[in-house]
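The values are calculated or read from the model by the stated rules, or taken from the named source; none is laboratory data. Note that the coordinates shown come from a computational prediction; the quantities given were computed from them, not determined experimentally. Glycine also receives a Cβ, built like all others from the backbone with ideal geometry; neighbour counts cover every protein chain displayed. The protein model used for the area step is the full one, side chains on, heavy atoms only, and it has no ligands, DNA or RNA in it. Shrake-Rupley method; radii C 1.70, N 1.55, O 1.52, S 1.80 Å.
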Amino acid sequence: MLFIADSIKQIYTSFEADLLDVSNEDQAESLKIAYLGRKGQVRQLFDTLASMSPEEKKQYGGAINDLKNKLQDALQNKLNQLQEDKSKQEKLSFYDYSLPGRPFPIGHQHPLSLIGQQLYDTFRSLNFTVVDGNEIEDDYHNFEALNIPKWHPARKMQDSFYITENMLLRTHTSTVQVRAMEKMKPPLRIVSINGRCYRRDASDATHYPVFHQIEGLYIDEGLSMADLSGLLVEMMYGVFGREVEIRFLPSYFPFVEPGAETLISCPFCRKKGCQVCQQSGWIELGGSGMVHPQVLRNVNIDPAKYSGFAFGWGVDRLAMLKYGIEDIRMLMDNHIHFLEQF
Ligand code: 2NM
């Protein structure tokens with residue numbers, strides 16, 4: 001009765017091959033009829049049992065039964081899989097995956113932050129300590145310590161917003177330098193970047209009651225304006241990516257001596273003359289100078305031993321120059337279409 005064992009194997013292999021071709025429920029049904037139906041191949045095997053002895057019936061009946069169960073299970077798995085594929089297909093046609101996605105809104109850095117980052121990188125690379133301080137200050141740190149007593153005419157030029165008689169919105173970030181010098185022993189290298197300052201100015205395209213300063217301070221033995229000049233060149237390289245020249249025009253600030261209005265050669269035309277520098281080849285960016293001995297004494301630094309330089313420049317002005325922004329108020333208005341350009 002070996003032929004029954006062979007038939008079982010044969011039927012199973014051909015079933016497996018046929019099952020691979022089944023790709024829908026109708027085909028699965030035909031396959032079921034062909035193998036497991038009333039006249040199917042498995043049924044026919046069962047029929048051959050009729051003429052067998054009881055032992056043979058026992059032996060082969062079980063084997064045929066196993067075959068039947070295997071085929072039924074395989075068919076059921078196939079049907080389940082077809083069902084699953086069908087519902088996936090339905091979902092796919094509900095969502096159109098070929099449509100372009102909705103753009104994910106990514107924020108933009110404010111131009112002041114961009115310049116601030118460039119300045120930060122430069123000064124960190126030069127081993128400066130980055131410091132900041134309060135926007136609300138007392139009269140002493142904003143004026144007195146910086147050699148600007150109550151009666152001094154410089155106070156007129158830096159009219160402030162007062163909170164009380166003694167407390168005000170800082171008019172510059174020199175307050176930060178004063179507080180740092182009170183705490184730290186020289187030699188010291190500090191910078192405050194993008195510090196908000198306030199002055200009672202009428203606003204126009206180049207003035208606004210709120211502006212931002214970068215102020216640096218370097219105190220050590222034997223420093224001079226030449227060191228200051230070199231640092232400013234480096235600072236401008238960080239922002240414009242170009243080597244500029246520095247020009248000092250003698251000027252007066254109560255907290256420095258000598259003091260200078262400080263200009264750079266125009267990074268756009270390299271001194272040939274253009275719209276940005278108004279054909280002059282030079283652009284004024286702020287003030288600088290050697291820290292006044294009285295300011296050093298005010299913070300207990302011996303001016304006989306140490307000297308230092310400081311500068312205070314406008315970050316708003318740098319941002320306007322670099323990005324061609326014509327009105328300083330654009331930096332404060334928070335108009336989304338303006339900010340999205342950066
Ligand atoms: C400027 C111009 C020149 C300055 C001086 C100091 C301090 F505190 F060290 F004395 N900080 N910043 C300074 C010097 C600021 O702004 C136009």
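Between residues in the range 71-83 that are not assigned by TED's automatic domain parsing to the domain that holds Gln27 and residues that are in a helix (DSSP H, G or I), which pairs lie under 6 Å by C-beta distance while being six or more apart or on different chains?
none
Is it the case, given these coordinates, that Thr171 is open to solvent by less than 40 Å² (accessible area, probe 1.4 Å) and either outside any helix (DSSP H, G or I) or of a type in the set (S, T, N, Q) (or both)?
Working: open to solvent by less than 40 Å² (accessible area, probe 1.4 Å): yes; either outside any helix (DSSP H, G or I) or of a type in the set (S, T, N, Q) (or both): yes.
In short, yes.
In the range 235-243, is there at least one residue being closer than 23 Å to Pro187 by Cβ and either among the charged types (D, E, K, R) or open to solvent by less than 60 Å² (accessible area, probe 1.4 Å) (or both)? Step through it out loud before you land on a result.
Residues of the range 235-243 closer than 23 Å to Pro187 by Cβ: 235, 238.
Right, trim to either among the charged types (D, E, K, R) or open to solvent by less than 60 Å² (accessible area, probe 1.4 Å) (or both) and you get 235, 238.
Yes, the range 235-243 contains a residue that is closer than 23 Å to Pro187 by Cβ and either among the charged types (D, E, K, R) or open to solvent by less than 60 Å² (accessible area, probe 1.4 Å) (or both).
Got a number for residues in the range 81-130 being in a helix (DSSP H, G or I) and at pLDDT 95 or above? Before the answer, list the steps.
Keep residues of the range 81-130 that are in a helix (DSSP H, G or I), which gives 81-94, 111-125.
Filter again for at pLDDT 95 or above, leaving 111-125.
Residues flagged as in a helix (DSSP H, G or I) and at pLDDT 95 or above within the range 81-130 amount to 15.
Please enumerate the residues belonging to the range 202-227 that are within 16 Å of the ligand (Cβ to nearest atom) and open to solvent by 60 Å² or more (accessible area, probe 1.4 Å).
Going through the range 202-227, the residues within 16 Å of the ligand (Cβ to nearest atom) turn out to be 206-207, 211-220, 223-225, 227.
The answer is Thr206, His207, Asp227.
Can you find a residue in the range 235-242 that is on the phi > 0 side of the Ramachandran plot, of a type outside the set (D, E, K, R) and out of contact with any His (no Cβ under 7 Å at 6 or more places or on another chain)?
Of the residues in the range 235-242, the ones on the phi > 0 side of the Ramachandran plot are 241.
Checking which are of a type outside the set (D, E, K, R) leaves us with 241.
In the following step, the residues that additionally are out of contact with any His (no Cβ under 7 Å at 6 or more places or on another chain) were identified as 241.
Yes, there is a match, as at least one residue in the range 235-242 is on the phi > 0 side of the Ramachandran plot, of a type outside the set (D, E, K, R) and out of contact with any His (no Cβ under 7 Å at 6 or more places or on another chain).
(1) in contact with a Gly (Cβ under 6 Å, 6 or more places away or on another chain); (2) under 22 Å from Ser307 (Cα atoms): which one isn't true of Gln213, the others all being true?
Looking at each condition in turn, Gln213 falls short on (2).
Could you tell me whether the range 177-199 includes any residue that is outside any strand (DSSP E or B), crowded, with 23+ Cβ neighbours inside 10 Å and out of contact with any helix residue (DSSP H, G or I) (no Cβ under 6 Å at 6 or more places or on another chain)?
Yes, the conditions are met somewhere in the range 177-199.
Can you tell me which residue is nearest to Pro186 (Cα to Cα) among those in the range 268-293 that are within 16 Å of the ligand (Cβ to nearest atom), touching a helix residue (DSSP H, G or I) at 6+ places or on another chain (Cβ under 9 Å) and not charged (D, E, K, R)?
Taking the range 268-293 first, the residues within 16 Å of the ligand (Cβ to nearest atom) are 283-293.
Narrowing the set further to residues that are touching a helix residue (DSSP H, G or I) at 6+ places or on another chain (Cβ under 9 Å) leaves 283-286, 288-292.
Narrowing further to those that are not charged (D, E, K, R): 283, 285-286, 288-292.
Working: Ile283: 32, Leu285: 27, Gly286: 25, Ser288: 19, Gly289: 18, Met290: 15, Val291: 13, His292: 15 Å.
So the residue we want is Val291.
Within the range 294-307, how many residues are open to solvent by less than 20 Å² (accessible area, probe 1.4 Å) and more than 7 Å from the ligand (Cβ to nearest atom)? Spell out the reasoning first.
Taking the range 294-307 and keeping what is open to solvent by less than 20 Å² (accessible area, probe 1.4 Å), we get 295-296, 299, 301.
Of the ones still in play, those that are also more than 7 Å from the ligand (Cβ to nearest atom) are 296, 299, 301.
The total comes to 3.
Which of the residues belonging to the range 133-161 are more than 17 Å from Arg199 (Cβ to Cβ) and either exposed (fewer than 14 other Cβ atoms within 10 Å of the Cβ) or of a type in the set (A, V, I, L, M, F, W, C) (or both)?
Of everything in the range 133-161, those that are more than 17 Å from Arg199 (Cβ to Cβ) and either exposed (fewer than 14 other Cβ atoms within 10 Å of the Cβ) or of a type in the set (A, V, I, L, M, F, W, C) (or both) turn out to be Tyr140, Ala145, Pro149, Lys150, Trp151.
When residues of the range 1-28 are filtered for being within 15 Å of Gln72 (Cβ to Cβ) and under 60 Å from the mean Cα position of the chain (by Cα), how many remain?
5
For every residue, the table says whether it meets (1) over 30 Å from Leu339 (Cβ atoms); (2) loosely packed, with under 10 Cβ neighbours inside 10 Å; (3) touching a Lys or Arg at 6+ places or on another chain (Cβ under 7 Å).
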residue	(1), (2), (3)
Thr48	yes, no, no
Pro54	yes, yes, no
Lys57	yes, no, no
Ala63	yes, no, no
Leu71	yes, no, no
Asn77	yes, no, no
Lys86	yes, no, no
Ser93	yes, yes, no
Gly101	no, yes, no
